[in-house]
Amino acid sequence: MNNMTTQKIKNDGDYSTIADLKQNAHKKEDIVPTTTSTLNLLCDVDTLRTLIKEDKVRIIDVRKKEDYLKDHIPTSVSLPLSDLLADDSPESIVKISNNLGISDNTPVVVYDDTFGALASRVAWSLKFIGHKNVSLLEVTYSSWKNLGLEVEEKSNNFVKSSHSIDIDYSIYADAVYVEDAQYDKSKVIIDSRERLNFLTEHIPNSKNIPYTMIRSEDSILRKPAELKRFMENRGIDFNSEIITYCGSVGTLSGLVFFALKTAGVPNVKLYPKSFKEWKSLGKPKTEFKDATYWDLSAE
């Protein structure tokens with residue numbers, strides 16, 4: 001991420017750097033619908049079905065390619081999370097968006113079959129490059145099928161688009177930023193892993209909000225009012241800046257990022273490289289050597 005402005009992008013020779021992308025943003029020849037649907041952070045099933053019928057949405061399936069080829073939600077395109085994580089620089093994310101036919105104004109809904117964690121990482125990545133209109137599907141693909149909803153087997157490809165770039169650093173944190181935030185009372189660091197992982201080792205002064213606690217039986221996230229009460233009961237000040245992290249690539253913490261935003265927290269950042277990078281950099285960590293049953297069940 002530190003070399004964002006100098007990294008090269010192979011986008012059919014159109015642009016070479018972020019500066020070029022910004023300079024040439026006005027040259028886009030996107031076909032913009034006369035009406036664009038503004039999505040909530042969480043898209044319900046009925047809304048998505050309507051958007052599919054009206055051809056007003058790009059749906060991203062982040063499961064493995066072989067799972068997508070078996071069947072998927074109609075009109076969806078395949079973007080396995082591993083493909084995005086192979087190079088998650090802003091330039092690469094822009095190229096992916098272009099190849100999927102996503103322009104600046106395209107409503108995007110992302111889904112997975114893993115309680116929303118993988119989808120949230122992809123959705124966050126789109127937000128990071130400045131795509132405003134992106135949403136998580138409220139259910140997993142298995143739930144969609146169990147509801148008896150439409151599926152298809154054919155692969156979908158769309159005409160390439162040209163997405164501009166406007167990196168949103170307000171939702172991004174790196175290790176240096178997190179290290180500075182540890183002792184800042186206006187900032188809260190949240191570890192999204194399960195309780196035992198948190199107790200074993202975590203970033204000093206972080207709080208534990210396990211990802212398993214933010215979902216409901218019928219949705220990848222609890223209702224906003226429930227999420228708000230959940231955070232308030234754990235002493236989370238909604239006026240604080242909140243930074244989320246998890247074990248490695250920002251999936252579990254990505255889901256908590258969306259949960260916090262859904263609950264109405266205005267200032268949330270994701271540390272996408274998470275605890276794996278933190279440890280590899282030799283940063284300090286807190287460890288609980290003798291966790292008790294009470295420790296495991298706390299919060």
**Asked** When you count, for each residue, the other Cβ atoms within 10 Å and take the mean per peptide, how do 251-258, 148-155, 100-107 rank with the highest first?
**Response** 251-258, 100-107, 148-155
**Cut-off 17 Å (backbone N to label point 7 Å along Cα→Cβ of Arg49), residues of segment 197-236** = 219
**Item:** Net lengthening on full extension, Gln182/Asp237 (0.36 nm per residue, minus Cα-Cα)
**Value:** 18.2 nm
**Prompt:** What is the set of long-range amide H partners of Val77 at a cut-off below 5 Å, with H atoms built 1.01 Å from backbone N?
**Reply:** Ile59, Ile60, Asp61
**Asked** So how long is each side of segment 158-207 along the principal axes, counting just the alpha-carbon atoms, biggest first, in Å?
**Response** 48, 25, 15
**Long-range HN-HN contacts of Asn208 with modeled amide H, under 5 Å** = Asp191
**Prompt:** Across segment 72-88, in residue order, what do the Karplus-derived ³J(HN,Hα) couplings come to in whole Hz, using 6.51 cos²θ - 1.76 cosθ + 1.60 with θ = phi - 60° and x for Gly and Pro?
**Reply:** 6, 5, x, 6, 6, 10, 9, 9, x, 4, 4, 5, 5, 6, 4, 7, 9
**Request:** Could you pull out every residue, at least 5 positions away or on a different chain, whose amide H is within less than 5 Å of the one on Asp104? Hs are placed 1.01 Å off N in the peptide plane, and Pro or chain starts have none.
**Result:** Ser164
**Request:** For segment 170-297, state what percent of all Cα-Cα pairs lands in each successive 10 Å bin, counting from 0 Å until the bin that includes the largest distance.
**Result:** 13, 48, 33, 6, 0
**Request:** Could you please state, rounded to a whole Å, how far the C-alpha centre of segment 70-91 is from the C-alpha centre of segment 113-184?
**Result:** 10
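Readers should treat all values here as calculations from the given coordinates under stated rules, not as data from a laboratory. Given the structure is predicted, the values throughout are model-derived calculations rather than measurements. Note: ideal-geometry Cβ built from the backbone for every residue, glycine included; neighbour counts use all protein chains shown.
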